[in-house]
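Here the structure is laid out as structure tokens; the discussion comes afterwards.
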Amino acid sequence: MQQQVVLITGGSSGIGKSIGTYLKSAGHTVYGTTRKVENYPDFKIFPLLELDVRETDSISKAIHRLIEKEGRIDVLINNAGVGITGPLEETPHKEIANAFDINFHGPLHMIKAVLPQMRTQKKGLIINITSIAGYMGLPYRGVYSASKGALEIITEAIRMETKDFGVHITNLAPGAFATNIAAGRFHTAAKEGSPYLQYAHTLEAINDSVDDGEDPVEVGKMVLKIMNTPRPRIHYKVGAFSQKVSVLLKKLLPEKVFEKILLKHYKL
């Protein structure tokens, strides 16, 4: 495959870093983004551009800099994201809005910023990193599920709007992978006297699932597979079999039966 110029948001750590490292090893030109480049003085794997997906000026500057240096953008990987947990009733709404700004509005800002260049090139690939959690409402993770689910759905629409430009857009939904996402999540504090007594135990189970997750290099391998696919599908999933099959079960099972499975899984 011809060498591609790849831009990965949130490329300084976690899944983004793993994707970038793997793609670089496969011979591609990789750039990552981070909100504060100064926080990564020893990061040498691939260049980092300063970019905040919530700020359109920041995005424009980074895209301009990349095009000025490389002359093109072949692949955009919308990976930057933030986790958020807590009972909806007790979660500050400013944190809900922030999660949507990063997980949903951020990728839309990025897509708007790269489409003019990709239309000029008459080719391009955009991969939105969503989540298997985006296929179902998970207790105490509803905001995260909703933000990722919204990105999955709007991608279906954007694909049809851009089909005549040579631009391919797809979703890649990972399951639980061993990354530092738990440390960066916003956790609604468990309040004394809260009626949501089970929240603390559920949060522990959520964090344990990340610690026991698979190697995130598997996400990089799937990204490369998508890059090598002439006509990518709309939705891809990567992760443990049990996580991927949960999406199928939701389609096949009666709603209340599937809900009972989730309740049992989270011991609610």
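Just a few scattered comments:
- Protein heavy-atom accessible surface, 1.4 Å probe, per residue over the stretch 22-63: 56 Å².
- Taking the longest Cα principal axis of the chain as reference, the axis of helix 14-25 is set at about 30 degrees.
- Proximal lysines relative to LYS44, as straight alpha-carbon distance under 28 Å, when same-chain residues fewer than 8 apart are discounted: LYS17, LYS24, LYS36, LYS61, LYS69, LYS221, LYS225
- Residues LYS94 and SER242, FRET efficiency given R0 of 41 Å [Cβ-Cβ distance, rounded to 0.05]: 0.75
- Shape of the stretch 210-254, Cα gyration tensor, a/c cut at 1.5: oblate
- Among (1) -0.66, -0.94, -1.43; (2) -0.78, -0.99, -1.22; (3) -0.61, -0.84, -1.25, the entry that matches log10 I(q)/I(0) by the Debye sum over Cα atoms at q = 0.11, 0.13, 0.16 Å⁻¹ as calculated here: (3)
- From its DSSP helices (H runs of at least four residues, each -39,500 (n - 2.57)), the chain gives a residue-normalised ellipticity at 222 nm of -14000 deg cm²/dmol.
- Here the peptides 5-16, 52-63 are ranked by packing, the mean other Cβ count within 10 Å, and the order with the highest first is 5-16, 52-63.
- Amide hydrogen neighbours beyond the local backbone of PHE186, cut-off 5 Å, H modeled: GLY83, ILE84, THR85
- Computed in the context of the full set of protein chains, the accessible area of the chain at 1.4 Å probe radius has 54% of its extent on carbon or sulfur.
- Options HIS168, ILE206, MET222, ranked by Cα towards positive dipole end of the chain, top entry (Cβ charges): HIS168
- A probe of 1.4 angstrom, applied to the heavy atoms of all protein chains, finds VAL257 with accessible area near 70 square angstrom.
- Accessible surface for the stretch 81-162, divided over its residues, is 39 Å² per residue with a 1.4 Å probe.
- Cα centroid separation - the stretch 101-170 against the stretch 189-268, whole Å: 19
- Between VAL37 and GLU70, the distance separating the two model label sites (each 7 Å from Cα on the Cα→Cβ line) works out to 1.5 nm.
The values are calculated or read from the model by the stated rules, or taken from the named source; none is laboratory data. No experiment lies behind these values; they were computed from the predicted model shown. Neighbour counts are summed over all protein chains in view; Cβ atoms, including those assigned to glycine, are modelled from backbone coordinates with ideal geometry. Heavy atoms of the whole protein, side chains included, go into the accessibility calculation; ligands, DNA and RNA do not. Shrake-Rupley method; radii C 1.70, N 1.55, O 1.52, S 1.80 Å.
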